[in-house]
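The values are calculated or read from the model by the stated rules, or taken from the named source; none is laboratory data. Everything quoted here is computed from the prediction, not taken from an experiment. Positions of Cβ are backbone-derived with ideal geometry, glycine not excepted, and every protein chain shown enters the neighbour counts. Heavy atoms of the whole protein, side chains included, go into the accessibility calculation; ligands, DNA and RNA do not. Shrake-Rupley method; radii C 1.70, N 1.55, O 1.52, S 1.80 Å.
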2 protein chains.
Amino acid sequence: MPTRTPMSGPVIVDTTHSPSAQLRPVPINAVTLTDEFWKPRRSLTRELTLKAQFAHLEDTGRLDNFRRAAGDLQCEFRGIYFNDSDVYKWLEGACWALADTHDSELADMVQGVAELIERAQAPDGYLNTYFTFDRSDQRWTNLRDMHELYCAGHFFQAAVAHSRVTGEGRLLAVAQRFADLICETFGVADGQMEGAPGHPEIEMGLAELSRATGVTRYLDQAAYFLNARGRGIIGGGAYHQDHVPFRDADRLTGHAVRALYLAAGATDIVAETGDQVLNAALSRLWNHMVSRQMYITGGLGSRHQGEAIGADYELPNAQAYAETCAGIADAMWAWRMLQVRGDATYADVMERALYNAALPGISLDGTAYFYVNPLAQDGVPEPGSSIHQRQPWFGCACCPPNIARTLAQMPGYLYSVSEGLVWVHTYAANEAILTLPEGLTVNLIQRTRYPWSGQVVLELLTPGEYGLNLRIPDWCGDADAGDAPSLSINNGPCRPTVKSGEYVTVRRTWSVGDTVCIQMPMPIRRVRSHPAALENAGRVALMRGPLLYCLEAVDNPDVDLRDVSLPRDGQLSSSFRKDLLGGVQIITGEASEVVHDSAWSSALYKATPSEAQRRPFSITAVPYYAWANRGAGAMQIWLRQEG
Amino acid sequence: MPTRTPMSGPVIVDTTHSPSAQLRPVPINAVTLTDEFWKPRRSLTRELTLKAQFAHLEDTGRLDNFRRAAGDLQCEFRGIYFNDSDVYKWLEGACWALADTHDSELADMVQGVAELIERAQAPDGYLNTYFTFDRSDQRWTNLRDMHELYCAGHFFQAAVAHSRVTGEGRLLAVAQRFADLICETFGVADGQMEGAPGHPEIEMGLAELSRATGVTRYLDQAAYFLNARGRGIIGGGAYHQDHVPFRDADRLTGHAVRALYLAAGATDIVAETGDQVLNAALSRLWNHMVSRQMYITGGLGSRHQGEAIGADYELPNAQAYAETCAGIADAMWAWRMLQVRGDATYADVMERALYNAALPGISLDGTAYFYVNPLAQDGVPEPGSSIHQRQPWFGCACCPPNIARTLAQMPGYLYSVSEGLVWVHTYAANEAILTLPEGLTVNLIQRTRYPWSGQVVLELLTPGEYGLNLRIPDWCGDADAGDAPSLSINNGPCRPTVKSGEYVTVRRTWSVGDTVCIQMPMPIRRVRSHPAALENAGRVALMRGPLLYCLEAVDNPDVDLRDVSLPRDGQLSSSFRKDLLGGVQIITGEASEVVHDSAWSSALYKATPSEAQRRPFSITAVPYYAWANRGAGAMQIWLRQEG
């Protein structure tokens, strides 16, 4: 058991002093993962992923762009004008990765990058390596497209992480100088210019910088940028979330990542201000998203064109865009809503997105990434293309450092605290030292094989009176009556009614060694989608616990996966395969391949009914997050269901 | 009965001297439409549409660009760099519209434009109003993107039409000067440059110019451009049909209009050369298209992104792109394949595309156009958008003059001739004077209410021995056995076996006044699509004769059209509504609206089965070509079918 007492330290998003947030996050280093799922992934992120990404930052000129701005190098700016943001996101991820583990190689990289950033800052505080030298006079001339404020926001998040993890104030001071310049530049006062960012992110960055520094002006500026939207300053387009004031919006629109970052930033503002009009807008956006726009993965973005959210229920599978960053952004927004509202529905979506939308973005070996995340794939590539596979890097490389920082943050997603309460949002074996707002520090051990098993045992090492708020996932409600979730304390029955989709509160005077056991049965679920999601008509997706499953050609050879059909009452079972994909619970069972009337081989439309034959075979499904790790091939999530 | 004998005159595509074409088209003015469907549309095209388009060409600077190039105006080039093509397409359409009818206003416009074009030509023959003055030295520097050869191709088609209709050789001489320059510029000889057009069209234009002038060099140049593809000259992308030599291609790829124009141009080359390798490639492309890529409308292009053909069976409805020009291009290609091969399958697709993919592109009043043709529409617009409606013009205005020239050409689509044979491809009341290759001129009258009725009477006014090749549409094969198509001669039974999807040949010694009656029953058909077209799973589309039907909200109020369900054996009937949409046969019948479990109002995914209720109501379906002529609203083609 750890003996550290991390009274302060790194947190993902700080709401410690937020007047309107119900929950407070806990420091990342308050939670020591001991599990077989997230811990190895987080270690790989630190040991391999972030170092490989650093090499890419170096090789692609992203760091040279800072050296150039600092005057160390005479060369042209290389790459895309928003490439600074990749450096900042990497830096943030590297800091979180170092929050609880020493790694001198990574720490040296972090300090080198931090110094480079400091030296690249202009005397007046401006910081963007693209708008330097000849382009200095183009600063702030195209806020819609040129992403200066987006880069600034990522820098502020990185600077806060750096300050929390290293305890140093140098990079935070750089951030403050830049934030001060932004505050002076944009607004409605004489001598200021009006502005709104084409790509939101500054809102979250300024809010967090405000929390880290106590400077409320930064929060006000975040609110200014939010409120500047919908007045046509950046063109008035729904693509840029500028067609309507945010307070009046009824749904997310346009570019998925921008829409979600904006919603997350707005949630930060609600956490600090308690703005009830904004809060009501967030409810509308959230409810519309989860009932009309979100993939079963938790991902968003139905259209390749514009990387955009589509029409309601427009959820194509093979043609899904579902950018990895949008899946991460969904989890980020859900996390913030959860802190503000303390409602399990946000934890449900957060968990869904982390496992099924963010995690698929990186290969099991930690070195290759999906930018686009289709939910189905034909085994034959389109002419002139190859089959969709993870890539080691991208020209527009937003996703790789985004998934790295998310994995590095993972311990921070498990718990929050509030007055007298420890909140457990999602499960993973760990040892935690959690300080409640009133000062009590609760030590506990969590033992579980989650997400493979729904049995969780919490052992409390701190005596005293306090409560546990334990999330019972919404997916428990999909189980049969006999399979209801349950709770026991010290192996005995327990008073509170356990309802899925809610936090169950267990409040008592604990003794050292008391245990709480949560049983969340994990039957295999056949999930249907809304009838208006046309591609899924007559189909089901297999889920177990928080995980979405898919069929891959490698496990189901010689079958057209699109034509796999499950008998309505057919037996499906699951078992753990230690040797497969780093260890996964697979699903197997009887199914059939629908073999169509041969007329369909040459016809696309016909009026005469046709007879389909069924060829029985046994399916093997694997977690969707692990797909495409064994070569290129077909993949299918939504399976036909007979009858 | 007409007494003219149009031995020569305008034809859409001339194969009169083509060594490898089985069929020869007939002059447009050999066929005098007398019907209630196409004739009024063609008249409206001449009287209103083309004149309104002329005003748009004038208002948008497209004609001023020619005046500028001619030195009449000192101004900047206006609009998009390929805007010349709109002028050429308009000119071609106006010429065909004048083929058989005098209209001095339109004729004056035509002559004015023709003179302007002539005067805009550079001394060396070059003609493109964008690459003039300062931009002269940028000629041919970016064949992939700048559409110079595309514009040239449309000019050649217009020049041929102008020459055929006016009998003047002036514009044809302008075209030859430009074509000569192109032939000198591009090729593999010393001093020539290699090149391939990013947007095909020059192939058709050069082939037709070769036929009109007898200059085989132009045909050779068309073949050069075709064969230059697939070698990476324009980047090697499937989007530009450059990923593989055309002869090796197995499917259409990339930008739909480009792919189809290229296939049509290649078919022209096969018609002239009999190239069997190319001919085999065309078979592969065609078979792949009709079995994997084509909408039920005959349109193509599944993706907004890149206006592109998608993956096999990727056929979204609400998100269809299906550019009007692609529907027209499909008919253009089918027409050429038909002339080369004499196989009814090409006439089937041509007819499908003309009625259901080209015609929806223009409003019933002849003044507004669809660029994009969705096959379903939600009644609620996306935020920041309005509901999809036809527009009076577009910045990129390829579709309006394209539909105008297609309607102007319509008489030319009905017949072809070959040795001793009159081919009847599609039906419409008309009087025709058709000269067979051996010199016999056959006068005939066609009486029918097609497409509303499948009864057609041909009255032969020319005695003698010759044959009729009458197309029995493939859709007749969808009828029940009792509803088989049949033929009678002089009201008596008739020898030849009538098979749907084939031409039936009636060859005899005819007397004046002999009649042939074709009965093509037109039951309402419920057409299914291939199971891999996922959005259509469990759904049927209603068709009657060649026409596709749809539901519109205006006829079916207070119903979610996506949830309309037809009983499997429910009665559907059709009746003619003279007052509606210019006179249409409507389909009515019993259906129900599926009213979903209320849980679906807030859920997008759930594992618990739900019960749907059915609310019976009576549907009214109208031809798809006529949709969106009564204001903005929801529309649906594919309807659920029970059981």
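If the condition is being polar (S, T, N, Q) and under 13 Å from B:Asn83 (Cβ atoms), then the stretch B:113-131 contributes B:Asn128, B:Thr129. Looking only at residues in the stretch B:289-325 that are acidic (Asp, Glu) and at the interface with another protein chain (Cβ under 10 Å from one of its Cβ atoms), the one that is farthest from B:Met204 (Cα to Cα) is B:Glu314. For the stretch B:404-423, a residue qualifies if it is β-branched (Val, Ile, Thr) and more than 17 Å from B:Tyr355 (Cα to Cα), and the qualifying residues are B:Val417, B:Val422. Being buried (at least 21 other Cβ atoms within 10 Å of the Cβ), assigned to a loop (DSSP other than H, G, I, E, B) and not aromatic (Phe, Trp, Tyr) is not true of A:Leu73. Close Cβ contacts (under 8 Å, 6 or more residues apart or on different chains) running from residues in the stretch A:186-202 that are farther than 13 Å from A:Leu226 by Cβ to residues that are open to solvent by 70 Å² or more (accessible area, probe 1.4 Å) and in a loop (DSSP other than H, G, I, E, B) comprise A:Glu194/A:Val188; A:Gly198/A:Arg144.
So that you can scan it fast, the table gives a plain yes or no per residue for (1) more than 19 Å from A:Ala259 (Cβ to Cβ); (2) open to solvent by 10 Å² or more (accessible area, probe 1.4 Å); (3) not in a loop (DSSP other than H, G, I, E, B):
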| site | (1), (2), (3) |
| --- | --- |
| A:Leu149 | no, no, yes |
| A:Phe155 | yes, no, yes |
| A:Val165 | yes, yes, yes |
| A:Glu168 | yes, yes, no |
| A:Arg177 | yes, yes, yes |
| A:Leu181 | yes, yes, yes |
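Summed over the stretch B:261-299, the residues that are among the acidic types (Asp, Glu) and either free of Cβ contacts under 8 Å to residues at least 12 places away in the same chain or not in a helix (DSSP H, G or I) (or both) give a count of 1. Contact map, the stretch B:9-21: residues that are among the charged types (D, E, K, R) paired with residues that are modelled with pLDDT of 85 or more and not in a loop (DSSP other than H, G, I, E, B), Cβ distance under 6 Å, separation 6+ or inter-chain. Pairs shown: B:Asp14/B:Arg211. Reported count of residues in the stretch A:234-258, each being within 11 Å of chain B (Cβ to nearest Cβ), among the hydrophobic types (A, V, I, L, M, F, W, C) and part of a helix (DSSP H, G or I), is 1.
Quick one: in the stretch B:476-515, of everything that is farther than 30 Å from B:Ile587 by Cα, without any contact (Cβ under 8 Å) to a residue 40 or more places away in the chain and in a loop (DSSP other than H, G, I, E, B), which residue is most open to solvent (accessible area, probe 1.4 Å)? The residue in question is B:Arg495. Pairs meeting the criteria (first residue in the stretch B:83-103 and more than 23 Å from B:Ala152 (Cα to Cα), second residue of a type in the set (Asp, Glu), beta carbons under 8 Å, at least 6 apart or on different chains) are B:Asp103/B:Glu47.
Of the residues making up the stretch A:448-504, those that are farther than 30 Å from A:Arg41 by Cβ, of a type in the set (D, E, K, R) and touching a strand residue (DSSP E or B) at 6+ places or on another chain (Cβ under 7 Å) are A:Glu465, A:Lys499. Applying the set (1) under 24 Å from A:Phe246 (Cα atoms); (2) open to solvent by 20 Å² or more (accessible area, probe 1.4 Å); (3) out of contact with any His (no Cβ under 8 Å at 6 or more places or on another chain) to A:Arg352 leaves exactly one unmet item: (1).
Of the residues contained in the stretch B:597-608, none is found to be closer than 30 Å to A:Tyr295 by Cα and touching a Phe, Trp or Tyr at 6+ places or on another chain (Cβ under 7 Å).
Filter the stretch A:378-411 for residues that are open to solvent by less than 10 Å² (accessible area, probe 1.4 Å) and part of a loop (DSSP other than H, G, I, E, B) and give the result. Result: A:Ala397, single match. Across the stretch B:192-233, the qualifying residues are those that are in contact with a Pro (Cβ under 8 Å, 6 or more places away or on another chain) and surrounded by fewer than 21 Cβ atoms within 10 Å (Cβ to Cβ), and the one among them that is farthest from the other protein chains (Cβ to nearest Cβ) is B:Asn227. Taking the stretch B:9-35 as the range and being in contact with a Gly (Cβ under 7 Å, 6 or more places away or on another chain) and not hydrophobic (A, V, I, L, M, F, W, C) as the test, the residues that pass are B:Pro19, B:Ser20, B:Gln22, B:Pro25, B:Pro27, B:Asn29.
Is it the case, given these coordinates, that A:Leu364 is at pLDDT 95 or above and within 26 Å of A:Gln53 (Cβ to Cβ)? Here the answer is yes, as A:Leu364 does meet what is asked. Is the stretch B:326-344 home to any residue that is touching a residue at least 60 places away in the same chain (Cβ under 8 Å), at negative phi and within 14 Å of chain A (Cβ to nearest Cβ)? Looking for residues that are touching a residue at least 60 places away in the same chain (Cβ under 8 Å), at negative phi and within 14 Å of chain A (Cβ to nearest Cβ), one finds at least one in the stretch B:326-344, hence yes.
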